[in-house]
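*Asks:* Below you'll find the structure I mean.
The values are calculated or read from the model by the stated rules, or taken from the named source; none is laboratory data. Since this is a predicted model, take the numbers as computed values, not measurements. Quick reminder, even Gly has a Cβ in these numbers, built from the backbone with ideal geometry, and neighbours come from all protein chains shown. For the accessible areas, the whole protein counts, side chains as well, though only heavy atoms, and no ligand, DNA or RNA atoms are used. Shrake-Rupley method; radii C 1.70, N 1.55, O 1.52, S 1.80 Å.
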Amino acid sequence: MSKKENFLKGFLKENPIFVFLLGMCPALAVTATFETSLGMGLLVVFVLTGSNIVVSLVKGFIPDQVRTPAYIVIIATFVTVVKMLTFAYAIELYDALGVFLPLIVVNCLILGRAEAFASKNNVLDSTIDGIGMGLGFTFALVVIGVFREFLATGGIQWGVYLPFFVDAPIHLFTLDWIINLFTDGFVIADYGLAVFSLPPGAFIALGIILAGFQFKKSRQIKRELEEKKKLIAERKRQALEKKKEKALAAAKLAKAGE
Amino acid sequence: MSFTVFATAIISAMLINNVILMQFLGICPFLGVSKKSSSAVGMSAAVLFVMVIASAVTYTIYDLVLYPFDIPYISTIAFILVIASLVQFVEMVIKKFSKPLYKSLGIYLPLITTNCAILGVSEGNITGIWTETMPYWEGLFTAVSVSVGTGLGFGLIIFAFSSIREKLDGSNVPASWKGVPISLVVAGIMSLAFLGLAGII
C-alpha cells in the first residue's frame, strides 16, 4: 500500500462510520450541528494520531497478554490531554460535547486502529494512518452534522461552539436570502424540521445517509456484475468465431486436398 | 436516602433520559447483539450487573481518593482501568461461584469493557450527582439508583428492539434499506415515542 492510498482509505473505502459502523455513539450524539461535529472530529484526529504514534513506538516492549489495557491507558492519557485543552480554549465545545469527550477512550475506532494497524507498522505509516482515518471520521461526522443542522434550521452556523476567527456567530450558509427575493421578512429557521436537532432525528438522519451508501454500493456491484457478464459474452463470441474460422480453414484444406 | 430518591432516579434514568434512545450510549451492543431476544436479555442482564457495581466503585474512588488527593483530572484514566479490571474480576467470581450464571452471561462480559454506557454512567454520576458538600452515603445511594435505572432502561430498549428486529427480518424491506439503515429508522421512531415522556417528572 502506498502512502497516499494509506492516507486516503479512511475517507470512503474504509470509512469508519459509513462502512465499518465504528464509533456510532458520537456519530449520533454530537452531530446536532456542523460545529460540534467538526470539533469532535478534530479531537479524535488528535487522539488517534497520538495514540497511533505511541503504540507503534512501544509495540516492542509491551507483552502480548497485557497489550489491550496498555493501549487503553495510552489512549486515556491523550483523551485527558484533549479534555484539558478543550476546557481551557473552547469551553463552549467542552460543554456541548459533555460526557462524550471522556468517552473518546472507548471509541472502538481508536482501539481498533491501535490493535489492527499501529501495533504492526512503523511510526511514519501509523502517523499517516491515524491522520487519514481520523479525517475520514471527521468527514463522516461533518456530513451528518451538515445534513442535520441544515434540515433543522435551514442554514449552517459558525462561531457558537468554536469561537475562532469571528467575533460573533455568523451564518456560513442560509436559504433566507433566496426566499427573501420573493417575500419580505421570512426567517427560514422558524420553519425548520426541529426534530432533526433532537435525538430521534439523529437516528433517522444516519439511517437515511447509510441507506444512500448501501444504494450506491449495490449499484456499483450491479454495474461490475454486468460488465463481467459482457466480458464473458464477448470472450465466448470471440472463441466461437475462432472455432468457426478454424473449421472453415480445415474444410478448405480438405477440399484442396481432394 | 429515601424511596422517593430511588423511584425518581429509576423513572428518570429508565424512561425519560433513556440511555440508548436519548443519550446515545451503548449503540454498539444495541445494533450488534439485538438480533435475537435471548442474547438481548443476556447482554442486558450482564450490563445491569456490571453497571451497578462499576458506578458504586467509581463513585467511591472519586469521592474518597481522587478528590481528597486533589487529582480529579485523572478520573478518565482511573475509571477505564477500574472498569476493565472489574469486568475481569466479575467474570472470575461468577465462573467460580455460579456455573449456570457464567454460562448465560460469560460471553457478554468481555464485550462490556468497551461498552460506553458503563463509562458514560460513571462519568455522568460525577458531573451530575457529585458535589463537594454531598455526604458520601447519600451520593452513593443516588448513583446506584441512577445506574439501576439506566441498566433497566438499556434492557427494556434492547429487548423491545430485538423483538421488532425479529419481525423486520421477515418483512419486505427495499434492498438499500436492509440491515442497519432500517434499524436506525426504527430506533428513531422509538426515540420519538420516548420523547413524549419528557417532562413527566
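*Asks:* Say we look at the stretch A:187-226 and pick out the residues that are under 21 Å from the mean Cα position of the chain (by Cα) and open to solvent by 70 Å² or more (accessible area, probe 1.4 Å); which of these is nearest to the other protein chains (Cβ to nearest Cβ)?
*Replies:* Across the stretch A:187-226, the extreme among qualifying residues is A:F215.
*Asks:* Among helices (runs of 4 or more DSSP H) lying entirely in the stretch B:94-201, which contain 1 or more residues that are among the polar types (S, T, N, Q) and touching a Lys or Arg at 6+ places or on another chain (Cβ under 7 Å)?
*Replies:* B:136-170, B:180-195
*Asks:* Determine whether A:G23 is among the small types (G, A, S) and either modelled with pLDDT of 85 or more or open to solvent by 20 Å² or more (accessible area, probe 1.4 Å) (or both). Outline the logic, then answer.
*Replies:* On the way: among the small types (G, A, S): yes; either modelled with pLDDT of 85 or more or open to solvent by 20 Å² or more (accessible area, probe 1.4 Å) (or both): no.
Judged against the criteria, A:G23 is not a match.
*Asks:* Sticking with this structure for a sec: Looking only at the stretch A:52-70, count how many residues are surrounded by 23 or more Cβ atoms within 10 Å (Cβ to Cβ) and either more than 21 Å from the chain's Cα centre (by Cα) or at pLDDT below 90 (or both).
*Replies:* Qualifying residue count, the stretch A:52-70: 2.
*Asks:* Suppose the filter is within 11 Å of another protein chain (Cβ to nearest Cβ) and either open to solvent by 50 Å² or more (accessible area, probe 1.4 Å) or among the β-branched types (V, I, T) (or both); does A:V82 pass it?
*Replies:* Working: within 11 Å of another protein chain (Cβ to nearest Cβ): yes; either open to solvent by 50 Å² or more (accessible area, probe 1.4 Å) or among the β-branched types (V, I, T) (or both): yes.
The answer is yes for A:V82.
*Asks:* Further question on the same structure: Pick out, from the stretch A:1-106, the helices (runs of 4 or more DSSP H) lying fully within it that include 2 or more residues that are hydroxyl-bearing (S, T, Y).
*Replies:* A:34-58, A:67-89
*Asks:* Sort out which residues of the stretch B:9-32 are under 15 Å from A:P199 (Cα atoms) and either part of a loop (DSSP other than H, G, I, E, B) or more than 7 Å from chain A (Cβ to nearest Cβ) (or both), and write them in order of number.
*Replies:* Taking the stretch B:9-32 and keeping what is under 15 Å from A:P199 (Cα atoms), we get B:15-27.
Matches in the stretch B:9-32: B:L15, B:I16, B:N17, B:N18, B:V19, B:I20, B:L21, B:M22, B:Q23, B:F24, B:L25, B:G26.
*Asks:* Right, here's the next one. Could you count how many residues in the stretch B:175-185 are open to solvent by 30 Å² or more (accessible area, probe 1.4 Å) and under 21 Å from the mean Cα position of the chain (by Cα)?
*Replies:* Of the residues in that region, 0 qualify.
*Asks:* Something else about it: Kindly provide the set of residues from the stretch B:40-71 that are without any contact (Cβ under 8 Å) to a residue 40 or more places away in the chain, part of a helix (DSSP H, G or I) and within 13 Å of chain A (Cβ to nearest Cβ), ordered by number.
*Replies:* Scanning the stretch B:40-71 gives a single hit, B:L66.
*Asks:* A further question on this structure: Only one of A:V82, A:V19 is touching a Phe, Trp or Tyr at 6+ places or on another chain (Cβ under 7 Å), closer than 19 Å to A:M133 by Cα and not acidic (D, E). Can you tell me which?
*Replies:* Working: A:V19 fails: touching a Phe, Trp or Tyr at 6+ places or on another chain (Cβ under 7 Å).
Going through A:V82, A:V19 in turn, the sole match is A:V82.
*Asks:* Across the stretch B:103-125, what is the number of residues that are closer than 25 Å to B:M22 by Cβ, open to solvent by 20 Å² or more (accessible area, probe 1.4 Å) and not polar (S, T, N, Q)?
*Replies:* Going through the stretch B:103-125 one residue at a time, the tally reaches 3.
*Asks:* Is there a residue in the stretch B:42-57 that is over 13 Å from the mean Cα position of the chain (by Cα) and more than 26 Å from B:W130 (Cα to Cα)?
*Replies:* yes
*Asks:* Considering only residues of the stretch A:239-258 that are open to solvent by 100 Å² or more (accessible area, probe 1.4 Å) and at pLDDT 90 or above, which is nearest to A:F147 (Cα to Cα)?
*Replies:* First pass over the stretch A:239-258, keeping only residues open to solvent by 100 Å² or more (accessible area, probe 1.4 Å): A:240, A:242-246, A:248, A:252-253, A:255, A:258.
Still in the list and also at pLDDT 90 or above: A:240, A:242-246, A:248.
On the way: A:L240: 54, A:K242: 56, A:K243: 58, A:K244: 60, A:E245: 61, A:K246: 63, A:L248: 65 Å.
By that ranking, first place goes to A:L240.
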